[in-house]
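The structure appears right after this line, and notes come after that.
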Amino acid sequence: MNPALDLELRRDIDVAAEKLWACWTDPALIERWFCPVPWRATDVEVDLRPGGRFNSVIRGPEGEEMPGRGCYLEVVPQRRLVWTDALTEGFRPAASSFMTGIIAFTPIAGGTHYHALVLHADAAARERHLAMGFEDGWNAATDQLVALARTL
């Protein structure tokens, strides 16, 4: 972790890694938790393999739309997901990039240690992500993730 470029969230969660993994990899489940309400993710496409697509549209309460196209770099079932918007499906270079996400699910007694690490190319992108509400937004989305995973 480079604190000048990266942001992270760590939590011990009382849910099995398998359930959190399902919420991160099933498009129908992703749409239910991925953005803090009243924002929402729609049109989620998952091709869960290195080089596979991870696409979505983030929709805001005022009609905002932020399409996202990305590519999985690493997929270790129920343990680790790495994706980036620097590449699109098939490892094709994207026109622009904002972040790479690394999500780790480590089993612990009574649940999972959840670690989300977000890498940015430069300090300006990191600061932009902070200004967008990274801490509150990712924590709220994680609360939604946990609530959903507990129902599985």
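Number of residues in the stretch 88-124 that are outside any strand (DSSP E or B), free of Cβ contacts under 8 Å to residues at least 60 places away in the same chain and on the phi < 0 side of the Ramachandran plot: the value is 9.
In summary, strands (runs of 3 or more DSSP E) completely within the stretch 8-87 and bearing 3 or more residues that are among the charged types (D, E, K, R) occur at 40-46.
Test of understanding: among Gly68, Gly52, which residue is within 27 Å of His113 (Cβ to Cβ) and under 14 Å from the mean Cα position of the chain (by Cα)?
Details: Gly52 fails: under 14 Å from the mean Cα position of the chain (by Cα).
That would be Gly68, the only listed residue that is within 27 Å of His113 (Cβ to Cβ) and under 14 Å from the mean Cα position of the chain (by Cα).
Of all residues in the stretch 39-49, those that are more than 13 Å from the chain's Cα centre (by Cα), hydrophobic (A, V, I, L, M, F, W, C) and closer than 11 Å to Thr25 by Cβ total 1.
Please enumerate the residues belonging to the stretch 53-67 that are surrounded by fewer than 17 Cβ atoms within 10 Å (Cβ to Cβ) and out of contact with any Pro (no Cβ under 7 Å at 6 or more places or on another chain). Correct list: Ile58, Gly60, Glu62, Gly63, Glu64, Glu65, Met66, Pro67.
Please tell me if Thr84 is of a type in the set (Val, Ile, Thr) and under 19 Å from His129 (Cα atoms).
On the way: of a type in the set (Val, Ile, Thr): yes; under 19 Å from His129 (Cα atoms): yes.
So Thr84 passes the test.
Contact map, the stretch 19-38: first residue among the basic types (Lys, Arg), second residue at pLDDT 95 or above and assigned to a loop (DSSP other than H, G, I, E, B), Cβ cut-off under 7 Å, separation 6 or more or different chains; pairs are Lys19/Leu152.
The values are calculated or read from the model by the stated rules, or taken from the named source; none is laboratory data. This one's a predicted model, so the numbers in the text were calculated from it and none came from an experiment. Every residue, glycine as well, gets a Cβ built from its backbone with ideal geometry; the counts of neighbours run over all protein chains shown.
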